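To start, the structure under review is shown below, and the notes come after it.
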Amino acid sequence: MANTDSGKRLIAKLNNDNYYAWSYRMEMRFRKLGVWSLVNGTEDRPQGSDNTKVVKAWRTRMDLALSEIVSEVEDEQLVHTRISRDPAEVWARLASIHISQGLGGIISTWQKLFQMKKAADISIQQHVSSVRELADRLAGLGDSPSDSLLVSVLMLSLPPSYSSLVISLDSHSQVLDFDFVAQRCMNEEARQLSMQDPEASTSNQTTAFVAQTKPRRDRKEITCFKCGKKGHYRNECPTKDEETAAVTATIGMDTENVEEDKEFSW
């Protein structure tokens, strides 16, 4: 049997705002599990008694389909799943609840689309997904928005920091392609984030702080590489002065000897 737990969290649970995206992803999962025909109501109960293998297998698949639906809805949606143990009836019930009918549903959805504004705490990708969700809802109501209209909605919903992108897109041949414009918006978001990245400056500040606060080594533990004694560095070694004095004295003596030799030679 297929592992029904794999990839489940790739689907956001059904709420009051995401039916069209949710139903599409769930359909793909049902197809993968081989139970979509049970969910859409095109597969009937096989003939035979309840104890036959074919009927038992059918019931197992029915339970699997129903459990998939129930496990992928938010708690407030559970009331709509308790009407039946037939996944097809539950699926149809959810569709009837979430697909608004009539002119009122169309007007309400258009209003939400035109009032969209990108929140500061969500990414461009999430914002684009919200625009597409409303577009899918309008398509389900039989009033699909055009790509050019979606592009206008997207650009008008962005903060002022994207105004330069709007200007640059004016002369582009694909300006009316929603997918293209959405990708350009995501690229611009990445550029702006890279300009605001505090990681480099934070790293420099940390390095400076560590350098300033690094404890000094106790001089008692320092060993001179010249005399082998502790308490000083090589360039501070007292034997250095002694050796210098000795060398100087030696040079002085040699100089005197040279002078004496000169006098003797005369």
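The values are calculated or read from the model by the stated rules, or taken from the named source; none is laboratory data. Everything numeric in this text was worked out from a predicted model, so none of it was measured. Glycine gets a Cβ as well: all are built from the backbone with ideal geometry, and neighbour counts include every protein chain shown.
Pick from region 176-193 the residues that are among the hydrophobic types (A, V, I, L, M, F, W, C) and crowded, with 17+ Cβ neighbours inside 10 Å: which of them is farthest from R132 (Cα to Cα)? Steps first, please.
Initial filter on region 176-193 (among the hydrophobic types (A, V, I, L, M, F, W, C)): 176, 178, 180-182, 185-186, 190, 193.
From what's left, crowded, with 17+ Cβ neighbours inside 10 Å: 178, 181-182, 185.
Numbers: F178: 10, V181: 13, A182: 11, C185: 15 Å.
The qualifying residue farthest from R132 (Cα to Cα) is C185.
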Next item on the list: Name, by its number, the condition in (1) hydrophobic (A, V, I, L, M, F, W, C); (2) closer than 30 Å to S163 by Cα; (3) without any contact (Cβ under 8 Å) to a residue 24 or more places away in the chain that does not hold for L113.
Entry: (3)
Notebook entry, point to check: Of the numbered conditions (1) touching a helix residue (DSSP H, G or I) at 6+ places or on another chain (Cβ under 9 Å); (2) surrounded by fewer than 17 Cβ atoms within 10 Å (Cβ to Cβ); (3) modelled with pLDDT under 95; (4) part of a helix (DSSP H, G or I), I107 satisfies every one except a single condition; which is it?
Noted result: (1)
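Restricting to region 118-131, count the residues that are assigned to a helix (DSSP H, G or I), surrounded by fewer than 18 Cβ atoms within 10 Å (Cβ to Cβ) and touching a residue at least 24 places away in the same chain (Cβ under 8 Å).
Taking region 118-131 and keeping what is assigned to a helix (DSSP H, G or I), we get 124-131.
Imposing the further condition that a residue be surrounded by fewer than 18 Cβ atoms within 10 Å (Cβ to Cβ) reduces the set to 125-126, 129.
Keeping just the survivors that are touching a residue at least 24 places away in the same chain (Cβ under 8 Å) gives 125, 129.
Total meeting the criteria: 2.
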Margin query: On the basis of being at pLDDT 90 or above, touching a Pro at 6+ places or on another chain (Cβ under 7 Å) and assigned to a helix (DSSP H, G or I), does M62 make the cut?
Written below: yes
Item checked: For L158: the one exception among (1) under 23 Å from the mean Cα position of the chain (by Cα); (2) in a helix (DSSP H, G or I); (3) within 16 Å of R191 (Cα to Cα) -> (2)
Checklist line | Residues located in region 19-47, provided they are of a type outside the set (S, T, N, Q) and over 22 Å from I97 (Cα atoms) | finding: R31, K32, L33, G34, V35, E43, D44, R45, P46
Checklist line | Qualifying position, being outside the structural domain of M155 (by TED's automatic domain parsing) and either on the phi > 0 side of the Ramachandran plot or out of contact with any strand residue (DSSP E or B) (no Cβ under 7 Å at 6 or more places or on another chain) (or both), among D121, D63 | finding: D63
Next item on the list: Please determine, by comparing only the residues of region 12-39 that are at pLDDT 95 or above and part of a loop (DSSP other than H, G, I, E, B), which one is nearest to P87 (Cα to Cα).
Entry: V35
